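Heads up: the structure comes next, in structure tokens.
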Amino acid sequence: MRILIVGGGGREHALAWRLTQEGHEIAGAPGNPGVGQLGPLFENVSDALRGFEPELVVIGPEDPLIGGMADELRQRGIPTFGPGGMGARLEASKAWSKKMMEEAGVPTAAATIHTDYQEACEEVAKRFASGRHVAIKASGAALGKGVILCGDELHARHALSRMLLDEEFGDAGRLVVVEDFLEGREFSILTVVSEQGLLSLPVAQDYKRVGDGDTGENTGGMGTYSPVPWVTAEMVEETEARIVRPIVDHLRAKGVPYSGVLFSGVMVVDGSPYCLEYNVRFGDPETQSVMRRVEGVGDLLWAAAQGEALPPVRVTEPAAVTVVAASAGYPATSQKGVPITLGEMPEGVVVFHAGTAMQDGQLVTNGGRVLAVSAVADDLEQARARAYAGMDQVAFAGKHFRSDIGH
Ligand code: AMP
Ligand code: GLY
């Protein structure tokens, strides 16, 4: 099959890698130098439709999904993997998403929604008075920086004023979700959704903070591993039954059929799963670890795009560990144009490009998360050793990474 992959990050390189391993032809729009090693690159989707004539389009990032690209392509008769603009509101608006969770009976932190600063402060005061802490969330898309966890009331008032008075988060923060702080362990699950059913991929765990031991700023994700031994098959089943299926059914009943991948961010509190958020795309870098482990992804994405029953994927690798190499200053800033050299990679290792570019024939940095070293092996310990041996072969000025992924 000829498959066009929209986007240009590590997630898209991982999808492109998997699909070419399965014998499909791929193209990227815009792609990146890693995707470019696997197929042609086009500046934009229109050029790719003309020049590559894909049989299937897979949309990677949230922005084009939220903008309705999937609707547009489907209207033109092009089989497309990804939800339409209405379904993508699950990610575009945390306020709407919370409302849908409540209507669908999905277990989630109790929340109120505010546009008024005074009213929000009163709500926060009430929660602290009854011994609860809060999470304060800008409703709109804020590049993963719109969630502020607050252990005291002063901090919470400050977060609210940043969003509602100072408009530090722009439009994204004009509407604020105040919710109870939940304490537990987190995992992410990617479920492929078709009109004819659901299929969850192996679970991966992400590391969001920039520093070892979960210290420092939040990032887009510094590394992942899969499987997550503490997430049992029963927990996956319960998550599907309580978090995934109810929202898909509820949206369908409202006339918003959802297809594509649904990413559920789950917190396990006292043994029960709670939904922290939905995303409407593959997680990055969760996808890097997951794509290393499974086979049959092309058929799966095709079936979802066609609204057919979903064929199972085969899990061919017992364990994967993916470690991100970031550029100096990330996540606050990043350095572009710094030369990268890649040595010979150990067995089982693949390098996925994210923020890289070619400049006069030289691979250089071009973003915060530069690339990821992704290893498979018979167990997590060995995958981890391979990933870090691979990381030793990556050199660029200012490179930093977490040394505790999969530990
Ligand atoms: P979100 O983008 O909504 O998933 O939030 C980003 C991160 O903030 C999550 O991965 C959690 O670590 C944390 N978080 C979000 N909501 C809560 C909550 N209600 N209680 C505790 N932690 C939370
Ligand atoms: N790694 C988290 C995300 O893709 O949002």
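All of the numbers you see were taken from the coordinates with simple rules; none came from a lab. Just so you know, these numbers come straight off a predicted model, no measurement behind them. Cβ coordinates were reconstructed from backbone atoms using ideal geometry, including for glycine residues, and neighbour counts include every protein chain displayed.
Numbers for the structure displayed
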read-out: Magnitude of the charge dipole, segment 238-277, Cβ model with Lys/Arg +1 and Asp/Glu -1, debye to 20; value: 240 debye
read-out: Estimated FRET transfer efficiency (residue 2, residue 272; beta-carbon r; R0 35 Å; 0.05); value: 0.20
read-out: Contact order normalised by residue count of the chain, Cα under 8 Å, 6+ apart, percent; value: 16 percent
read-out: Spatial separation of Cα centroids for segment 367-403 and segment 1-71, in angstrom; value: 25 Å
read-out: Between 0 and 90°, nearest 10: helix 94-104 axis offset from the chain longest Cα axis; value: 80 degrees
read-out: Extreme residue, positive dipole direction of the chain, given options 380, 221, 117 (C-beta unit charges); value: 117
read-out: Segment 248-295: C-alpha gyration tensor shape, a/c 1.5 cut-off, then a/b vs b/c; value: oblate
read-out: Expected 222 nm ellipticity per residue - DSSP helices of 4 or more, -39500 (n - 2.57), all of the chain, to 500; value: -8000 deg cm²/dmol
read-out: Selection from 90, 181, 312, by position along the positive dipole direction of the chain (Cβ); value: 90
read-out: Within-11-Å neighbourhood charge of residue 295 [Cβ basis; K, R +1; D, E -1]; value: +1
read-out: Stretchable slack from residue 75 to residue 407, in nm (0.36 nm times residue separation minus alpha-carbon distance); value: 114.9 nm
read-out: Fewest-first sequence of 360, 71, 379, 212 by Cβ atoms within 10 Å of each Cβ; value: 360, 379, 212, 71
read-out: Whether segment 21-107 is rounded, prolate or oblate, judged on the alpha carbon gyration tensor where a/c under 1.5 counts as rounded; value: prolate
read-out: Additional length obtainable on full extension of the chain from residue 359 to residue 117, 0.36 nm per residue less Cα span; value: 82.3 nm
read-out: Prolate/oblate/rounded label for segment 1-54 (Cα gyration tensor, a/c 1.5); value: oblate
read-out: Relative packing of 150-161, 194-205, which averages over residues the other C-beta atoms within 10 Å, highest first; value: 194-205, 150-161
read-out: Charge dipole magnitude, Cβ of K and R +1, D and E -1 - segment 230-316, Cα centre, debye nearest 20; value: 220 debye
